[in-house]
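Reading through the structure tokens given below for one structure.
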Amino acid sequence: MPDITTIEESDTQVLEADPEIQQDTPWHVMVYDDPVNLMTYVTKVLQQVFGYSADKASILMMEVHNAGESIVWTGGREKAELYVQQLQGFQLRASLRKAEGRD
């Protein structure tokens, strides 16, 4: 009777990880300009959700105001989805977008 702990070489299978699973594709959290929310309100929301300083939040808010949109955060998809939900909970127009240059 063969020893149970012995594994024949033909029984072994090497699994390689999928590169997409190994490295989480970065996602952008986008905020869009809207005619409803005051600039001071958007600044306060960015401070509250992301913990940004007043200066950083103001710079991002001005980018939203002047360009119509701004990337306010970049990182993993799960956290990006959470941030989008939080921003939308404050009535901001927000979405996530796959970072450019990645497939």
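Just so you know, all these numbers are worked out from the coordinates, no wet-lab data involved. Treat the numbers as computed from the prediction; the structure is a model and nothing was measured. All Cβ positions, glycine included, derive from the backbone under ideal geometry; neighbour counts span all protein chains shown.
Numerical summary
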item	result
Where the Cα pairs of the range 24-98 fall when distances are cut into 5 Å bins, in %	3, 19, 31, 29, 14, 4, 1
Those lysines that a straight Cα-Cα span of less than 21 Å connects to Lys44, excepting residues fewer than 8 apart in one chain	Lys56, Lys79
Label-reachable residues, the range 23-65, where backbone N falls under 19 Å from a point 7 Å from Arg93's Cα toward its Cβ	28-46, 60-65
